[in-house]
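Asks: Before I ask anything, here is the structure I am working with.
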Amino acid sequence: MNIIDAHHHLWDIDLHDYPWLIKDRKNPLSKNYLTEDFNKDIGDLDVIKSVHIQAEMNHNDSLQETNWLQSISETEKSQGLPNAIVGYADLKSDNLYSTLNEHLKYANFRGIRQILNFSNSNTELNQYEGINTNLLKDEKWKEGFSKLNSLNLSFDLQVWPCQLEDSDNLAKEFGETLIILNHTGCPLLNGNKEDQIEWYQGMKLLASNENVVVKISGLFMRGDLEDPHLKEVIENTINLFGTSRSLFASNFPVDSLKITYRKLWNFFIENTLKYSEAEKEKMFYQNAEKYYRI
């Protein structure tokens, strides 16, 4: 099976500033993860292309990250990976338009991710620095979001389940902008039935928008292979979004704390056995090729 890994990261903590990694040196992720490390994890799997998602490098250095990744993709040892780059920009910034145009000078640049995860009711979920409100309700942020479509840029959306209803409103307000939902809508995977229902209802709302697609990824940030709910999450997600708007991704190296690269993709394969070859080809590589224009 050909694979396009639609969500992975590279980082060099000796060369660049990653506040979230430097802050916690005991974090097992606080070490370089470069092309050779990614290739080692891939092994003999048929990963034909990849999409790099901004890795929370110091936000002031977002253009530096895109420049670095573009240079990596142009080296022989990378074999063109990453084929698409999703960078960072603050959509509330007064300099947004110029920042976006600077990103666009790089051939592989495709879109923006600005992490939005925020909860009013559960402060334990507010773990991302600089996100101290629900930006989905912020008019200046939405004004910035409105600039993406005219530049042919997509938006990688990362939110908690409690924000999925607001995400549905965003998708409806900006129906021409491609929104790529990250990490399966970030289900909490805590065994709480009310939280499971909130995730499902929010995903159902968001799936009603044809301009929204979903990456089935990030499940091992909070879950593990012993969690029977993971299979249900995958099945529900594909049922809601359909095989033409669902795509698989590794979220490596973050998910590597719980699972190896091969076991992760085997897990995805095992949970899609009932689908036709054509449907699996869409979810494992064709959809990523289409939506990230690679």
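Asks: Pairs only if they're at least six apart or on different chains, beta carbon under 6 angstrom, first in the stretch 210-227 and polar (S, T, N, Q), second loosely packed, with under 15 Cβ neighbours inside 10 Å; list them, first residue then second.
Replies: So the pair list comes out as Asn211/Gly175.
Asks: Consider the stretch 145-164. How many of its residues are touching a residue at least 40 places away in the same chain (Cβ under 8 Å) and surrounded by fewer than 16 Cβ atoms within 10 Å (Cβ to Cβ)?
Replies: So the answer is 1.
Asks: Collect the residues in the stretch 16-47 that are free of Cβ contacts under 8 Å to residues at least 60 places away in the same chain, in a helix (DSSP H, G or I) and either under 21 Å from the mean Cα position of the chain (by Cα) or surrounded by 20 or more Cβ atoms within 10 Å (Cβ to Cβ) (or both), keeping them in residue-number order.
Replies: Pass one, the stretch 16-47, residues free of Cβ contacts under 8 Å to residues at least 60 places away in the same chain: 16-18, 21-27, 30-32, 34-36, 39-40, 44, 46-47.
Keeping just the survivors that are in a helix (DSSP H, G or I) gives 21-22, 35-36, 39-40.
Listed by number, the residues that qualify are Leu21, Thr35, Asn39.
Asks: Further, regarding this structure: Select from the stretch 185-200 the residues that are more than 16 Å from Asp168 (Cβ to Cβ) and buried (at least 23 other Cβ atoms within 10 Å of the Cβ) and list them in ascending order.
Replies: Pro187
Asks: While we're here: For Ser50, only one of the following conditions fails: (1) buried (at least 20 other Cβ atoms within 10 Å of the Cβ); (2) part of a loop (DSSP other than H, G, I, E, B). What is its number?
Replies: Of everything listed in (1) buried (at least 20 other Cβ atoms within 10 Å of the Cβ); (2) part of a loop (DSSP other than H, G, I, E, B), Ser50 misses just condition (2).
Asks: Which residues, counting only those in the stretch 235-245, are part of a helix (DSSP H, G or I) and within 18 Å of the chain's Cα centre (by Cα)? Working first, answer last.
Replies: So in the stretch 235-245, the residues part of a helix (DSSP H, G or I) come out as 235-241.
Thr237, Ile238, Phe241 - these are the residues of the stretch 235-245 that are part of a helix (DSSP H, G or I) and within 18 Å of the chain's Cα centre (by Cα).
Asks: Name the single residue, out of those in the stretch 222-235 being crowded, with 19+ Cβ neighbours inside 10 Å and out of contact with any Gly (no Cβ under 9 Å at 6 or more places or on another chain), that is farthest from Glu36 (Cα to Cα).
Replies: Taking the stretch 222-235 as the starting set, the residues that turn out to be crowded, with 19+ Cβ neighbours inside 10 Å are 223, 230, 233-234.
From what is left, the residues that are out of contact with any Gly (no Cβ under 9 Å at 6 or more places or on another chain) are 223, 234.
Values: Gly223: 27, Ile234: 30 Å.
Top of the filtered list is Ile234.
Asks: Which number in (1) more than 16 Å from Val233 (Cβ to Cβ); (2) part of a loop (DSSP other than H, G, I, E, B); (3) over 19 Å from the mean Cα position of the chain (by Cα) marks the one condition that Glu143 misses?
Replies: (2)
Asks: Counting just the residues of the stretch 112-144 that are out of contact with any Gly (no Cβ under 9 Å at 6 or more places or on another chain) and among the basic types (Lys, Arg), which one comes out surrounded by the most Cβ atoms within 10 Å (Cβ to Cβ)?
Replies: Of everything passing the filter in the stretch 112-144, Lys142 is surrounded by the most Cβ atoms within 10 Å (Cβ to Cβ).
Asks: Any residue in the stretch 263-282 that is within 16 Å of Leu225 (Cα to Cα) sitting within a Cβ distance under 6 Å of a residue that is of a type in the set (A, V, I, L, M, F, W, C) and outside any loop (DSSP other than H, G, I, E, B)? List the pairs, counting only those 6 or more apart or interchain.
Replies: Phe268/Phe248; Asn271/Ile234
Asks: Of the numbered conditions (1) of a type in the set (S, T, N, Q); (2) surrounded by 14 or more Cβ atoms within 10 Å (Cβ to Cβ); (3) under 22 Å from Asn192 (Cβ atoms), Ser250 satisfies every one except a single condition; which is it?
Replies: Ser250 satisfies every listed condition except (3).
Asks: Looking only at the stretch 217-234, which residues are assigned to a helix (DSSP H, G or I) and either under 20 Å from Leu157 (Cα atoms) or more than 19 Å from the chain's Cα centre (by Cα) (or both)?
Replies: Here is the first cut: in the stretch 217-234, the ones assigned to a helix (DSSP H, G or I) are 229-234.
Listed by number, the residues that qualify are His229, Lys231, Glu232, Val233, Ile234.
Asks: Report, by residue number, each residue of the stretch 122-140 that is farther than 24 Å from Tyr18 by Cα, among the charged types (D, E, K, R) and either at pLDDT below 95 or part of a loop (DSSP other than H, G, I, E, B) (or both).
Replies: Asp138
Asks: If I filter the stretch 246-294 down to residues being assigned to a strand (DSSP E or B) and touching a Phe, Trp or Tyr at 6+ places or on another chain (Cβ under 9 Å), which single residue comes out as nearest to His9 (Cα to Cα)?
Replies: Initial filter on the stretch 246-294 (assigned to a strand (DSSP E or B)): 246-248, 252.
Keeping just the survivors that are touching a Phe, Trp or Tyr at 6+ places or on another chain (Cβ under 9 Å) gives 247-248, 252.
Working: Leu247: 17, Phe248: 15, Phe252: 6 Å.
Across the stretch 246-294, the extreme among qualifying residues is Phe252.
Asks: How many residues, within the stretch 203-221, are of a type in the set (Gly, Ala, Ser) and either surrounded by fewer than 23 Cβ atoms within 10 Å (Cβ to Cβ) or at positive phi (or both)? Spell out how you get there, then give the answer.
Replies: Taking the stretch 203-221 and keeping what is of a type in the set (Gly, Ala, Ser), we get 207-208, 217-218.
Filter once more, so that each one left must be either surrounded by fewer than 23 Cβ atoms within 10 Å (Cβ to Cβ) or at positive phi (or both): 208, 218.
Matching residues across the stretch 203-221 total 2.
Asks: I would also like to ask the following. Give all pairs with beta carbons closer than 8 Å in which a residue from the stretch 181-202 that is in contact (Cβ under 8 Å) with a residue 12 or more places away in the chain and of a type in the set (Val, Ile, Thr) meets a residue that is surrounded by 19 or more Cβ atoms within 10 Å (Cβ to Cβ) and part of a helix (DSSP H, G or I); count only pairs at least 6 apart in sequence or on separate chains.
Replies: Thr184/Val233; Thr184/Ile234; Thr184/Thr237
Asks: What pairs can you find where one residue is in the stretch 129-140 and farther than 11 Å from Val159 by Cα, the other is basic (Lys, Arg), and their Cβ atoms are less than 7 Å apart, with a gap of 6+ or different chains?
Replies: Asp138/Lys92; Lys140/Lys92
The values are calculated or read from the model by the stated rules, or taken from the named source; none is laboratory data. Just so we're clear, the structure is a prediction, and the values are computed from it rather than from any experiment. Because the Cβ atoms are built from the backbone with ideal geometry, glycine has one as well, and the counts that use them run over all protein chains shown.
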